[in-house]
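The values are calculated or read from the model by the stated rules, or taken from the named source; none is laboratory data. Keep in mind the model is a prediction, meaning the values are calculated, not measured. A quick note on method: Cβ atoms are made from the backbone with ideal geometry, for glycine too, and the neighbour counts reach across all protein chains shown. Each accessible area value is taken on the protein alone, full model and side chains, heavy atoms only, with ligands, DNA and RNA left out. Shrake-Rupley method; radii C 1.70, N 1.55, O 1.52, S 1.80 Å.
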Amino acid sequence: MKPIHGDTASAFKAGMIDGLPLAAGVAIYGIAFGILAARADLGGIGTGVMGAVVFAGSSQIVSVERLIAGAGPITALVAGLALNLRLILITASLRDELAGRPPWQVLLGIHLASDESWSLMHATRARGRPAGFAYLVGAGSGLFLAWIAATTSGAMFAQQLADPQALGLDFAFVAAFIAILRNLWRDHDDLLPWVASVLASGMFVLTTGIEPSWALVAGGIAGALTAALMPQKGRQAQTTADGVHG
């Protein structure tokens, strides 16, 4: 059994400190999500609870946007899950960090693993510094706290406004999603899966007439399948050069 205390405390602290710049960015679109959540009548407490339980920015944004658009809760849930299919691959890549740990540590690591904390862990390794489970949890904890604080504050702020749309705050969803997409882009190897996802979603909307939320499912599946079928030589070479492993 691998402990999370003792000598790992310094790694946890290092992860949290290194993640502060990322936490600041997360807080910005967290406020935008909070404003969006207020339009769905979630309120400050409800938004905070959702963030603590789900802790997946893009998934939360899409789910809430679908609710505002009139989709049912099941449809909104499926849309959010489809958008975050990539997290299955991220958590699967953590098998070395999670191996031999008690269930509560495995669940903690999986819950706090995000695009930002996962990328930061590997970037730290590429610079020659040790970064493992405790570092990941430290970085993820900082992002988690920033997300909860920002989304809750955004929702409470929006509730005090008579008409958020009059101030242009309805654009917050679009702005937040653009920020998330920019953060997810790694290099040109991502282009083909992204194109496949966009085409599948667009064709679904244009040809089926079904509730648009399901287009996200189609796009997510198409993008994931395209990425899985692509030759891996370029990605593996880039991974090796960057020092990213796991």
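The 1.4 Å probe gives accessible areas that order H188, H122, largest first, as H188, H122. Under the combined filter of DSSP loop state and at most 11 neighbouring Cβ atoms within 10 Å, the stretch 42-150 retains none of its GluC sites (Glu not before Pro). Entry note, the stretch 1-156: relative contact order of 49 percent, from Cα contacts under 8 Å with a spacing of 6+ residues.
With a simple spin-label model that places each label point 7 Å from the Cα along the Cα-to-Cβ direction, the separation between I28 and W185 comes to 1.5 nm. Within the accessible area of the stretch 1-95, the carbon and sulfur atoms contribute 73%, probe 1.4 Å, all protein chains present.
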